[in-house]
C-alpha cells in the first residue's frame, strides 16, 4: 500500500513541472488562501481573483521557494500581497461580512435554540466590534483568531516580524475590548 506524498515531495514534484502535484498543494491550501484574501479585500469576487492570481504567481515563484520551508506561510504571504494590491488598486472599502468566520460545532450536543440566539448575538457584536477597528488591528486579529494562524505564519502573511505580531495583537485586543465596552 502506498502512502500519499508529503508536502515536501509535492513541492519538489511541482518544482520539476508536475502540474498535478501543484494542484494537490492548491487543493490543500485553497480554503485558507481564499479566507485570507477575503479578510483583506473584503469582497468575495476580489478574494477569488486575488487567490487565483496568487496561485499563478506561486507556480511561477516555485523555483525560488526555499526547500524544506513550510508551504502555507509562503503561499499565504503571496495571497496577502496580491489581495492588498487588488484592494489598493480598486479602492474598495465595503463592510466586512467575515465569511471567513465560521461557527464551529460545540462537541456532539446540538445547542439549544436559546443558546444559538445568544451565540449569534455575541458573534454579531464581536464582528461589529472588529469592523470598527483599523485595518491593521482587524487583520492581525483575523489572522490569529479567525484563520487560526500561528504568530510566525501571521508575521509572514502580514510581512512583519513575529514580535510585531505579538505587540499588534495585544494592542488590537485592547482596542477591541474598548470598542465592545463602548457598545455595552
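Could you tell me whether residue 67 is assigned by TED's automatic domain parsing to the domain that holds residue 12 and over 22 Å from residue 154 (Cβ atoms)?
Answer is yes for this residue.
Would you mention how many residues in the stretch 54-76 are within 19 Å of residue 148 (Cβ to Cβ) and part of a loop (DSSP other than H, G, I, E, B)?
Of the residues in the stretch 54-76, 1 are within 19 Å of residue 148 (Cβ to Cβ) and part of a loop (DSSP other than H, G, I, E, B).
Can you name every residue in the stretch 35-53 that is surrounded by 20 or more Cβ atoms within 10 Å (Cβ to Cβ), within 14 Å of the chain's Cα centre (by Cα) and part of a helix (DSSP H, G or I)?
35, 36, 37, 38, 39, 40, 41, 47, 50, 51, listed by residue number.
For the stretch 77-184, give me every one of the helices (runs of 4 or more DSSP H) that falls completely inside it and has 2 or more residues that are modelled with pLDDT of 85 or more, outside the structural domain of residue 56 (by TED's automatic domain parsing) and loosely packed, with under 13 Cβ neighbours inside 10 Å.
Output list reads 162-183.
The values are calculated or read from the model by the stated rules, or taken from the named source; none is laboratory data. Since the structure is predicted, the reported quantities are computational estimates derived from the model, not experimental observations. Quick reminder, even Gly has a Cβ in these numbers, built from the backbone with ideal geometry, and neighbours come from all protein chains shown.
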